[in-house]
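Enquirer: One structure, as C-alpha coordinates, below. Some questions next.
The values are calculated or read from the model by the stated rules, or taken from the named source; none is laboratory data. In this text, all values refer to a predicted model and were calculated from it rather than measured experimentally. Cβ placement follows ideal geometry from the backbone for every residue including glycine, while neighbour counts extend to all protein chains displayed. These area figures cover heavy atoms from the full protein model, side chains too; ligands, DNA and RNA do not enter into them. Shrake-Rupley method; radii C 1.70, N 1.55, O 1.52, S 1.80 Å.
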Amino acid sequence: GSGERARHWRYGAVYPSPEVVAEIAAETTLIRGTPGFVRPVLDDRYAVGLVHQVLRAADEGNALAADTLLRVAVTRLLRLNGGALPQREVRTAGARVAVRAREVLEERIAEPPSLETLALDLGSSPFALLRAFRELYGMPPHAWLTDARVREARRLLDGGVSPAEAAVAVGFTDQSHLNRHFTRIVGVPPGAYQRERKNVQDARQWSV
(Lines give C-alpha, C1' and ligand atoms only; values in the text may rest on other atoms or scores of the structure.)
Protein backbone atom coordinates (compact mmCIF):
# COMPACT_ATOMS: atom_id res chain seq x y z
CA GLY A 1 0.00 0.00 0.00
CA SER A 2 1.00 3.66 0.23
CA GLY A 3 3.87 4.92 2.38
CA GLU A 4 1.30 6.43 4.73
CA ARG A 5 -0.30 3.04 5.45
CA ALA A 6 3.05 1.28 5.85
CA ARG A 7 3.54 3.04 9.21
CA HIS A 8 0.25 1.61 10.57
CA TRP A 9 -0.19 -1.99 11.58
CA ARG A 10 -3.16 -3.81 10.20
CA TYR A 11 -4.28 -6.91 12.01
CA GLY A 12 -5.93 -9.72 10.09
CA ALA A 13 -6.92 -13.12 11.42
CA VAL A 14 -8.05 -16.30 9.73
CA TYR A 15 -9.77 -19.02 11.75
CA PRO A 16 -10.15 -22.25 9.79
CA SER A 17 -12.64 -24.58 11.52
CA PRO A 18 -11.28 -27.80 13.10
CA GLU A 19 -13.32 -29.74 10.50
CA VAL A 20 -11.54 -27.99 7.62
CA VAL A 21 -8.12 -28.55 9.21
CA ALA A 22 -8.95 -32.24 9.80
CA GLU A 23 -10.18 -32.68 6.24
CA ILE A 24 -7.04 -31.08 4.76
CA ALA A 25 -4.78 -33.06 7.10
CA ALA A 26 -6.46 -36.31 6.06
CA GLU A 27 -5.87 -35.52 2.38
CA THR A 28 -2.37 -34.05 2.55
CA THR A 29 -0.59 -35.51 5.60
CA LEU A 30 -0.09 -38.75 7.52
CA ILE A 31 -0.98 -37.19 10.89
CA ARG A 32 -2.87 -39.63 13.13
CA GLY A 33 -5.13 -38.37 15.90
CA THR A 34 -6.48 -34.82 16.10
CA PRO A 35 -4.45 -32.65 13.69
CA GLY A 36 -3.35 -29.17 14.68
CA PHE A 37 -0.46 -26.73 14.73
CA VAL A 38 2.36 -27.76 17.06
CA ARG A 39 4.20 -24.46 17.69
CA PRO A 40 2.21 -21.31 18.51
CA VAL A 41 4.40 -19.00 16.39
CA LEU A 42 5.80 -19.73 12.96
CA ASP A 43 7.81 -17.36 10.76
CA ASP A 44 7.13 -18.29 7.15
CA ARG A 45 6.99 -15.56 4.50
CA TYR A 46 5.09 -17.65 2.00
CA ALA A 47 2.37 -18.56 4.52
CA VAL A 48 2.06 -14.89 5.54
CA GLY A 49 1.58 -13.96 1.88
CA LEU A 50 -1.12 -16.62 1.49
CA VAL A 51 -2.98 -15.40 4.58
CA HIS A 52 -2.90 -11.83 3.20
CA GLN A 53 -4.36 -13.12 -0.06
CA VAL A 54 -7.12 -14.98 1.83
CA LEU A 55 -8.03 -11.78 3.70
CA ARG A 56 -7.99 -9.72 0.51
CA ALA A 57 -10.20 -12.25 -1.32
CA ALA A 58 -12.61 -12.29 1.63
CA ASP A 59 -12.70 -8.44 1.64
CA GLU A 60 -13.53 -8.48 -2.06
CA GLY A 61 -16.29 -11.04 -1.50
CA ASN A 62 -14.52 -13.62 -3.66
CA ALA A 63 -15.51 -16.75 -1.71
CA LEU A 64 -14.07 -19.19 -4.25
CA ALA A 65 -10.61 -17.58 -4.10
CA ALA A 66 -10.74 -17.18 -0.31
CA ASP A 67 -11.66 -20.84 0.23
CA THR A 68 -9.05 -22.08 -2.24
CA LEU A 69 -6.24 -19.94 -0.80
CA LEU A 70 -7.23 -20.86 2.75
CA ARG A 71 -6.80 -24.53 1.87
CA VAL A 72 -3.42 -23.86 0.30
CA ALA A 73 -2.35 -21.89 3.40
CA VAL A 74 -3.52 -24.58 5.84
CA THR A 75 -1.81 -27.28 3.77
CA ARG A 76 1.48 -25.37 3.94
CA LEU A 77 1.15 -24.68 7.66
CA LEU A 78 0.38 -28.34 8.37
CA ARG A 79 3.42 -29.39 6.35
CA LEU A 80 5.69 -26.98 8.25
CA ASN A 81 4.09 -27.10 11.67
CA GLY A 82 1.49 -29.85 11.77
CA GLY A 83 1.16 -32.67 14.23
CA ALA A 84 -1.29 -34.59 16.38
CA LEU A 85 -2.61 -32.47 19.23
CA PRO A 86 -2.08 -34.01 22.67
CA GLN A 87 -5.25 -35.65 23.99
CA ARG A 88 -6.54 -34.40 27.31
CA GLU A 89 -5.57 -37.53 29.23
CA VAL A 90 -7.73 -36.81 32.28
CA ARG A 91 -10.81 -36.76 30.14
CA THR A 92 -10.05 -40.00 28.33
CA ALA A 93 -9.22 -41.74 31.61
CA GLY A 94 -12.62 -40.64 32.96
CA ALA A 95 -14.34 -41.78 29.77
CA ARG A 96 -12.62 -45.18 29.98
CA VAL A 97 -13.89 -45.66 33.55
CA ALA A 98 -17.41 -44.67 32.43
CA VAL A 99 -17.37 -47.12 29.50
CA ARG A 100 -16.11 -49.92 31.74
CA ALA A 101 -18.80 -49.10 34.33
CA ARG A 102 -21.45 -49.34 31.63
CA GLU A 103 -20.10 -52.74 30.56
CA VAL A 104 -20.26 -54.01 34.15
CA LEU A 105 -23.85 -52.76 34.51
CA GLU A 106 -24.78 -54.47 31.24
CA GLU A 107 -23.24 -57.77 32.39
CA ARG A 108 -24.90 -57.55 35.81
CA ILE A 109 -28.15 -55.90 34.80
CA ALA A 110 -30.29 -57.94 37.23
CA GLU A 111 -27.91 -57.64 40.19
CA PRO A 112 -25.81 -54.49 39.76
CA PRO A 113 -23.13 -53.47 42.27
CA SER A 114 -23.54 -50.32 44.36
CA LEU A 115 -21.93 -47.13 43.08
CA GLU A 116 -19.25 -47.44 45.76
CA THR A 117 -18.40 -51.06 44.87
CA LEU A 118 -18.42 -50.25 41.16
CA ALA A 119 -16.05 -47.30 41.66
CA LEU A 120 -13.75 -49.32 43.92
CA ASP A 121 -13.55 -52.19 41.41
CA LEU A 122 -12.63 -49.72 38.64
CA GLY A 123 -10.03 -47.89 40.74
CA SER A 124 -12.10 -44.72 40.87
CA SER A 125 -14.06 -42.80 43.51
CA PRO A 126 -17.88 -42.77 43.52
CA PHE A 127 -17.95 -39.03 42.83
CA ALA A 128 -15.41 -39.20 39.96
CA LEU A 129 -17.24 -42.14 38.40
CA LEU A 130 -20.59 -40.36 38.69
CA ARG A 131 -19.18 -37.24 37.02
CA ALA A 132 -17.45 -39.17 34.20
CA PHE A 133 -20.55 -41.28 33.56
CA ARG A 134 -22.83 -38.24 33.38
CA GLU A 135 -20.40 -36.49 31.05
CA LEU A 136 -20.27 -39.43 28.65
CA TYR A 137 -23.86 -40.71 28.76
CA GLY A 138 -25.80 -37.62 29.85
CA MET A 139 -27.30 -39.32 32.91
CA PRO A 140 -26.15 -40.96 36.15
CA PRO A 141 -25.52 -44.76 36.22
CA HIS A 142 -28.80 -45.64 37.98
CA ALA A 143 -30.87 -43.81 35.33
CA TRP A 144 -28.87 -45.49 32.54
CA LEU A 145 -29.46 -48.87 34.22
CA THR A 146 -33.24 -48.30 34.36
CA ASP A 147 -33.25 -47.48 30.62
CA ALA A 148 -31.14 -50.56 29.88
CA ARG A 149 -33.49 -52.77 31.92
CA VAL A 150 -36.49 -51.45 29.98
CA ARG A 151 -34.68 -52.12 26.66
CA GLU A 152 -33.88 -55.67 27.76
CA ALA A 153 -37.45 -56.23 29.04
CA ARG A 154 -38.76 -55.06 25.67
CA ARG A 155 -36.53 -57.62 23.93
CA LEU A 156 -37.85 -60.37 26.24
CA LEU A 157 -41.48 -59.31 25.65
CA ASP A 158 -40.82 -59.47 21.90
CA GLY A 159 -39.69 -63.06 22.45
CA GLY A 160 -42.93 -63.98 24.23
CA VAL A 161 -41.76 -63.79 27.87
CA SER A 162 -44.56 -62.63 30.20
CA PRO A 163 -44.28 -59.13 31.77
CA ALA A 164 -43.97 -60.68 35.26
CA GLU A 165 -41.06 -62.91 34.17
CA ALA A 166 -39.42 -60.08 32.22
CA ALA A 167 -39.55 -57.83 35.32
CA VAL A 168 -37.67 -60.41 37.43
CA ALA A 169 -35.22 -61.26 34.62
CA VAL A 170 -34.02 -57.66 34.24
CA GLY A 171 -33.82 -56.99 37.98
CA PHE A 172 -36.94 -54.98 38.81
CA THR A 173 -38.18 -55.88 42.29
CA ASP A 174 -41.69 -56.47 41.00
CA GLN A 175 -43.91 -56.04 37.97
CA SER A 176 -45.23 -52.64 39.07
CA HIS A 177 -41.68 -51.22 38.84
CA LEU A 178 -41.36 -52.54 35.29
CA ASN A 179 -44.82 -51.16 34.44
CA ARG A 180 -43.96 -47.69 35.68
CA HIS A 181 -40.59 -47.33 33.94
CA PHE A 182 -41.67 -49.19 30.79
CA THR A 183 -44.72 -46.93 30.38
CA ARG A 184 -42.59 -43.80 30.95
CA ILE A 185 -39.97 -44.80 28.36
CA VAL A 186 -41.95 -46.80 25.76
CA GLY A 187 -45.26 -44.96 26.12
CA VAL A 188 -47.51 -47.99 26.82
CA PRO A 189 -47.54 -50.61 29.63
CA PRO A 190 -45.68 -53.91 28.97
CA GLY A 191 -48.89 -55.98 28.63
CA ALA A 192 -50.40 -53.62 26.06
CA TYR A 193 -47.05 -53.43 24.23
CA GLN A 194 -46.87 -57.23 24.01
CA ARG A 195 -50.49 -57.59 22.82
CA GLU A 196 -49.93 -54.94 20.16
CA ARG A 197 -46.78 -56.73 18.95
CA LYS A 198 -48.66 -60.03 18.81
CA ASN A 199 -51.50 -58.44 16.80
CA VAL A 200 -48.96 -57.04 14.31
CA GLN A 201 -47.24 -60.43 13.97
CA ASP A 202 -50.56 -62.25 13.55
CA ALA A 203 -51.64 -59.74 10.90
CA ARG A 204 -48.36 -60.34 9.07
CA GLN A 205 -48.87 -64.10 9.11
CA TRP A 206 -52.38 -63.71 7.73
CA SER A 207 -51.20 -61.42 4.97
CA VAL A 208 -48.47 -63.80 3.79
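Enquirer: Using the beta-carbon distance between Asp158 and Ala110 and R0 = 22 Å, what value does 1/(1 + (r/R0)^6) give for FRET efficiency, to the nearest 0.05?
Expert: So the FRET efficiency works out to roughly 0.75.
Enquirer: A follow-up question, please. Based on the Cα atoms of region 73-208, what semi-axes does the equivalent ellipsoid have, where each is the square root of 5 times one gyration tensor eigenvalue, given in whole Å with the largest first?
Expert: In descending order, the three semi-axes are 41, 24, 11 Å.
Enquirer: In whole percent, and with a 1.4 Å probe on the protein chains, what portion of the accessible area of the chain is carbon and sulfur?
Expert: 55
Enquirer: OK, next. What residue among Gly36, Gly82, Gly61 has the largest mean-square fluctuation in a Gaussian network model of the chain, using Cα springs under 10 Å?
Expert: Gly61
Enquirer: While we're looking at this one, here's another question. Full extension from Tyr137 to Ser17: what is 0.36 nm times the residue separation minus their Cα-Cα distance, to one decimal in nm?
Expert: 40.6 nm
Enquirer: Counting only heavy atoms of the protein chains, get the accessible area per residue of region 73-144 (1.4 Å probe) and round it to a whole Å² value.
Expert: 63
Enquirer: In nm, to one decimal, how far is the modelled label at Thr173 from the one at Val188, with both set 7 Å along Cα→Cβ?
Expert: That separation, rounded to one decimal, is 2.9 nm.
Enquirer: P(r) tail for region 51-114, what percent of Cα pairs lie past 18 Å?
Expert: Summing the P(r) of region 51-114 above 18 Å gives 65 percent of all pairs.
Enquirer: Further question: Under 20 Å from the 7 Å Cα→Cβ point of Ala84, by amide nitrogen: which residues of region 25-53?
Expert: Of the residues in region 25-53, 25-40 have backbone N under 20 Å from the label point off Ala84.
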